[in-house]
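The values are calculated or read from the model by the stated rules, or taken from the named source; none is laboratory data. These numbers come from a predicted model, not from an experiment. So basically every Cβ, Gly included, is an ideal-geometry build from the backbone, and we count neighbours across all protein chains shown. Protein only, heavy atoms only, side chains kept; ligands, DNA and RNA dropped before computing areas. Shrake-Rupley method; radii C 1.70, N 1.55, O 1.52, S 1.80 Å.
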Amino acid sequence: MMFVVRQVALKADGSEIVRQSEVVGEEIFIGRNASNGVHLPDLAVNPVHARIARRGSELTITAQSQQPFDIDGRSVEATTVESGRGAELRFGGHIVQIGAEGDNITLTVRRVEAVSDSAEDKDEGAIYSLKGLLPGKRMSAWGFAILILIAMLAWPIYTWSSYKDLAYKEKATRPAAFHADGMWSSGKLSLAHKTLKDDCQSCHVDAFVSVRDNACMTCHEKDASPHAPMERQLSARGDPTGFAAFRRFVAASFNKPAGRCVECHTEHEGAGAMEATQQRFCADCHDGMDTRLTNTKLDNAADFGNAHPQFQPAVLVKPLRGDDTKAPRKRISLDKNPKENNGLKFPHDMHLSKTNGVAQMGRRLATKHGFGDALECSDCHKADKNNVGFLEVDMEESCAMCHSLSFDKIGGTYRTLRHGEPDMVKADLRAFYRSTAPARPINLGSLARQRPGAVNARRTAGDYARAVNFRGTRADQAIRQVFSRGGACYDCHVVTPPSSSGGLDFQIAPVAQTKRYLQKGWFTHDAHDKEECTSCHLAEKSSEASDLLIPGIKNCRTCHVGETGESLIKVKKPVESTCAMCHDYHADKGAPWLLREQDKKKKQPIITARSSAHGTGARLQR
């Protein structure tokens, strides 16, 4: 024989679901444990609450603990039931009806109104939690939604509106405290804007309106260079296609027009320095720009390693005139081998030779001036304080030890011609010849041996008198010698001849020592101090000062590759070089933004020009 157990549950519509199981044997247990034949998931029921045993036609029901059960409305701990008559047992919130089907005993289990803290599995879980004390899921969802709207929308809007007027007041900031609209921040501000962390109105002037360029220009009007017209910028970029066009449409629909400052200068990216502009922002316009802007003068550029034009230094194409300080310059590609009219005559190859007279003189002066076996670039070219470029080459400092301008000696002091002042050179020579007498003939002295005869004495005295008389005219001859071939000025400088035959109005062409040739890009020697000068600047092969000793792009590509890592030549130790390493959209005379910290206090003019020569002209330039 066996016990047939039927668990009856109700659907939402009131219909019953009957789950039947069979237990073979003469006895069956009822309780909360799942191992019981009749499993009642109710905390009011003991793990093993009762035992039903069959003895013929009778069923003996016995409680297995001190807790009784109900049978037909009576609370008992043990009872006997005729299987044919049946009975109704109650354990907690469940009713077990006893019946018979042939030789089998049926036990039909139903859940009635809950009379305990738990009457089924889900209630048993709830009894160990706060579920019964909290609102339902739907109410909780609505409650949290309203709370979020209040905390994250209404409160920040109220805070923003409370301080709205500060956006229009100069030097007005919020008090130091927590401000609810700060919860909208997507990240910390960069170092440059960290002082604005409690002053959202400085940039976000209007609620639910993206940051506008005029908000940026409130502070950056002086350090932001003029932009090309926005229409031209967008034309250079070209119309977007595909998904990019859809994104442009969505942005415009939410009042975010194209071409804003924040498209390149992103904020709330972290508390460090603002990230440099990514190369793709440059290549979007400059890659194939001539196909979109047919009247552009710029060459296409997309990546330094494989898509960048040759360098175009600003070369002095005409010599300076008079006291001009603005050099007539023109950007010329190095592929055209440009020459520069800088007003100098200087052969680098002669001065860097290891075997000629210059090298020999350098060795003789080595003890006093620290020269080696031959002159080196650093003997004349001195780096500036930031090791970016080089200082002007000074004639008195770098040249005078060999190219002396001395013309007289008084005791142990040498009188020198004034370098850089042609008119003073002429005045000094005239003063010298007028204030000094010619060398007195020895035979006019009383102790010197003299030829016999008064005629010889009168002849010597007459010669000396004539020399004294014409002493002043010797100055004109000396001036011509100084400014003519073989003279102190002629061999190094471009001399402007006199305006008339026999005149003495010689002039020296002004000298321009260029400090920065690549005015559209940036270069610092500090990052290249491990390299030899001659590995980039082929000065030992230059015989004229007009030679432009700037290395071309091929030389730079032996180390520098673009952002993609590609290069047109083989590179052993590639250096990744993005656009922002050398270029800056808001360009000035200093370093790009990436290198600004190294050069932020540097304020030097591009060139220095004078009315006369002042040095040999540095060729190791930025």
Lys and Arg at +1, Asp and Glu at -1: add these up for the other residues within a Cβ distance under 9 Å of Thr80 and post the number.
-1
Accessible area of His227, 1.4 Å probe, to the nearest 10 Å²?
90 Å²
May I ask which residue of Ala383, Met350, Gly411 lies farthest towards the positive end of the charge dipole of the stretch 313-418, with charges of +1 (Lys, Arg) and -1 (Asp, Glu) on Cβ and the Cα centre as origin?
Met350
Relative contact order [Cα under 8 Å, 6+ residues apart], the stretch 138-284, whole percent
26 percent
So the carbon and sulfur contribution to the accessible area of the stretch 314-386, 1.4 Å probe, in percent, is 50 percent
Ranked order, Cys261, Cys219 - accessible area, probe 1.4 Å, largest first:
Cys219, Cys261
Given H placed on each backbone N at 1.01 Å, which residues far from Arg418 in sequence or on other chains put an amide H within less than 5 Å of it?
Val425
So with the 1.4 Å probe, I'd like the accessible area per residue for the stretch 200-284, rounded to whole Å².
67 Å²
From highest to lowest solvent-accessible area (probe 1.4 Å; ligands, DNA and RNA excluded), Lys554, Lys330, Lys382, Lys297 read Lys297, Lys554, Lys330, Lys382
Given an 8 Å cut-off on Cα distances and at least 6 residues of separation, report the relative contact order of the stretch 240-301 as a percent.
17 percent
Would you kindly find the accessible area of Glu532, with a 1.4 Å probe and non-protein molecules such as ligands, DNA and RNA excluded, rounding to the nearest 10 Å²?
130 Å²
Sequence-separation-based contact order of the stretch 273-317, relative, with Cα cut under 8 Å and 6+ spacing, percent
26 percent
Would you mind checking the radius of gyration and Dmax of the stretch 514-584 based on alpha-carbon positions, in Å?
13.4, 39
Could you sort Glu231, Glu26 by their accessible area in this structure, using a 1.4 Å probe and putting the largest first?
Glu231, Glu26
Apportionment of accessible area to carbon and sulfur, the stretch 1-112, percent (1.4 Å):
44 percent
Cross-link table Lys354/Lys382; Lys339/Lys426; Lys382/Lys570; Lys368/Lys541; Lys318/Lys345; Lys318/Lys515, entries beyond 23 Å C-alpha to C-alpha
Lys339/Lys426; Lys382/Lys570; Lys368/Lys541
Fraction of accessible area attributable to carbon and sulfur, the stretch 152-291 (%, probe 1.4 Å):
59 percent
Interchain or long-range residues, amide H under 5 Å from Phe91's placed H
Val96
Around Gln64, with a cut-off of 15 angstrom between Cβ atoms, what is the net charge of the other residues, counting Lys and Arg +1 and Asp and Glu -1?
0
Rounded to the nearest 10 Å², the 1.4 Å probe accessible area of His193 is 40 Å²
What does the charge count around Glu16 come to, taking other residues whose C-beta lies under 11 Å from its C-beta (Lys +1, Arg +1, Asp -1, Glu -1)?
+3
Diffing the stretch 341-348: the Karplus 3J(HN,Hα) column from phi (6.51, -1.76, 1.60, θ = phi - 60°), in whole Hz with x for Gly and Pro, holds 8, 9, x, 10, 10, 8, x, 5
